[in-house]
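J.: Take a look at this one; I'll ask things after.
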Amino acid sequence: MNSPKPHATSRVSEDDRESAVRRVREAYADEHIPHEEMDERLGRVLAATTHGELAAALDQLPAEDPGTTSTIAAAGGRIKRRGVWRVPRVLKVESAFGRVRLDLSRAIIEGPVVDIELSLGTGNASITVPRDATVEVEGVTTGWKDLRYKPQQPARAGAPRIRFSGAVGYGRLKIRHAWR
C-alpha cells in the first residue's frame, strides 16, 4: 500500500524531517557522501519547511530502505514472542481464535517507527512495549471489549514509536509498558 506523494509546497512533519535526517546519516555511514556534504545537507533538512525544500536537500541520495514486513499468523492456538527477537518495520499479527502475547521489551527495534497491524478474531491479546516507547493506538478498533492502555510519559528523545492499527473482534487488547 503506497501513500500518496506529498505536494512540494505542503509543510514538512516531524516524521518527514526525522526520516530525512536518517537518510542523510545513512548515506554518510555508507560512504556515499563526505562529512562536509553531510553537515551541509543536515543543515538544509533541519531548515526545510516544505516537501520541495526537503526533496532538494535529499537530491541524489540513495533511496531509503522501505524496511521489512512480517506476518505472524495462527488460525487457532497461541501466538507468543518474547525475549530477544527482531521486530520488523511492519508486523502483521493475525489470529482467528487464540491468545496473543507479544513482548517487545527486550526485542531489537532498529528503526524509529514500528507499525503493528492487528487482525484478531476471538481471544485476548497482551502486548508489552519498551518502557520509553511512544505508543499510538488511534488506528485500532475493538468490537466486544475496550482497549486497555495507560500512556507512559514522557518518552526520551530517540525512543521508538509503536503505532497500532487494525481490529480486535471478541477479546480484550491490553498494551502496557515494561517495568524496566
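J.: Just to check, using Stokes-Einstein with a Kirkwood Rh over alpha carbon pairs, what's the diffusion coefficient of the stretch 23-64 at 4 °C and 1.567 mPa s in µm²/s?
T.: Numbers: Rh = 10.2 Å.
For these conditions, the coefficient is 127 µm²/s.
J.: Using +1 at the Cβ of each Lys and Arg and -1 at the Cβ of each Asp and Glu in the chain, identify which of Ala107, Ser19, Ala178 lies farthest towards the dipole's positive end.
T.: Comparing the listed Cα positions along the dipole, Ala178 ranks first.
J.: If one computes the Cα centroid of the stretch 33-60 and of the stretch 99-140, what distance in Å separates the two points?
T.: 33
J.: Also: Please compute the contact order of the chain in relative form: average sequence separation of alpha-carbon pairs under 8 Å and at least six residues apart, divided by the residue count, as a percent. List each step's numbers first, then the result.
T.: Details: 371 pairs, mean separation 29.9, N = 180.
About 17 percent, as a whole number.
J.: Then there is this: Explain nothing, just the number: dipole magnitude of the stretch 123-179 about its Cα centre with +1 on each Lys and Arg Cβ and -1 on each Asp and Glu Cβ, in debye rounded to the nearest 20. Write down the numbers at each step before the final one.
T.: On the way: 10 positive and 4 negative charges, 39 e Å.
For the stretch 123-179, the charge dipole is close to 180 debye.
J.: Principal axis lengths of the stretch 24-110 from Cα atoms, whole Å, largest first?
T.: 54, 26, 19
J.: Check Lys80: other-chain or 5+ apart residues with amide H under 5 Å from its amide H, H built from backbone geometry?
T.: The list, which skips near neighbours in sequence, is Arg101.
J.: With a cut-off of 8 Å between alpha carbons and a minimum separation of six or more residues, what is the relative contact order of the stretch 1-65 in percent? Let's see the in-between values first.
T.: Numbers: 55 pairs, mean separation 28.4, N = 65.
Computed over the stretch 1-65, the figure is 44 percent.
J.: Would you mind ranking Ser10, Ser105 so that the residue whose beta carbon has the fewest other beta carbons within 10 Å leads the list?
T.: By the 10 Å Cβ count, ascending: Ser10, Ser105.
J.: Follow-up. Can you compute the radius of gyration and Dmax for the chain, using only the Cα atoms, both in Å?
T.: So, for the chain, Rg and Dmax equal 18.8, 57 Å respectively.
Only the coordinates and a few stated rules stand behind these numbers; no lab work does. Worth saying up front: this structure is predicted, and the values here are computed from it rather than measured. All Cβ positions, glycine included, derive from the backbone under ideal geometry; neighbour counts span all protein chains shown.
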